[in-house]
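Here's the structure, in structure tokens; my notes come after.
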Amino acid sequence: MSKVLISYQSFTGNCKALAEAAARGVAEAGGRADVKNVAETTAPDLAGHDAFILVTTQPFQSLAGETKTMFERLWPERAKIQPGLPFAAVICHGTDAAGSAAALDMFAKYFGWKKAGDWLLASMTSSDKQERARQLGIAVAQGG
């Protein structure tokens, strides 16, 4: 059984709903998902899981502050997190998400995590964003 940590930052509840949709996908694939706010996510949390899904928003064309703070908090303890940890992300956005996607590419590289597919770019106007997040959860739980 795959254990997946799903961390989210949500201002309006949209990103939290997408995190919960991803968790449903993990469960459907026979895995176990633990959902936490990014403010509560620690290196031991990541070390205790087989994969990591981040769901975040991007105000002002960059990653949200608490999400960046999470990465800063994890950095000194990165040795506790297994290299090659499968890492997927959902970026909730209203406009272009290129800046946030580039930042997540950088974090994956510096932490030594394995990017699990393309980042899911979830426009707030998209009607299928929850289904896409659920499908991401299934894919990550199945190892892809």
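Every number in this text was worked out from the coordinates using simple rules, so none of it is lab data. Predicted model, so just to flag it, every value in this text is computed and none were measured. Note that we place each Cβ from the backbone using ideal geometry, even for glycine, and neighbour counts take in every protein chain shown.
Only one residue in Thr67, Thr57 is touching a Cys at 6+ places or on another chain (Cβ under 7 Å) and within 16 Å of Leu120 (Cβ to Cβ). Which one?
Exactly one residue qualifies, and that residue is Thr57.
Show the residue pairs meeting these rules: Cβ distance below 6 Å; 6+ apart or different chains; first residue within the range 30-58 and in a loop (DSSP other than H, G, I, E, B); second residue among the hydroxyl-bearing types (Ser, Thr, Tyr).
Going by the 6 Å Cβ cut-off, the qualifying pairs are Gly31/Ser2; Thr41/Ser7; Asp50/Ser2; Gln58/Ser100.
Within the range 88-97, count every residue that is closer than 25 Å to Ala23 by Cα and either surrounded by fewer than 20 Cβ atoms within 10 Å (Cβ to Cβ) or aliphatic (A, V, I, L, M) (or both).
Within the range 88-97, the first condition is being closer than 25 Å to Ala23 by Cα, and the residues that meet it are 88-94, 97.
Then keep just the ones that are either surrounded by fewer than 20 Cβ atoms within 10 Å (Cβ to Cβ) or aliphatic (A, V, I, L, M) (or both); that gives 88-91, 94, 97.
Counting residues in the range 88-97 that are closer than 25 Å to Ala23 by Cα and either surrounded by fewer than 20 Cβ atoms within 10 Å (Cβ to Cβ) or aliphatic (A, V, I, L, M) (or both) gives 6.
Would you pick out the residues in the range 28-61 that are touching a Gly at 6+ places or on another chain (Cβ under 6 Å) and surrounded by 14 or more Cβ atoms within 10 Å (Cβ to Cβ)? Explain how you work it out, then say what you get.
To start, the set of residues in the range 28-61 that are touching a Gly at 6+ places or on another chain (Cβ under 6 Å) comprises 61.
If the condition is that a residue be touching a Gly at 6+ places or on another chain (Cβ under 6 Å) and surrounded by 14 or more Cβ atoms within 10 Å (Cβ to Cβ), then no residue fits.
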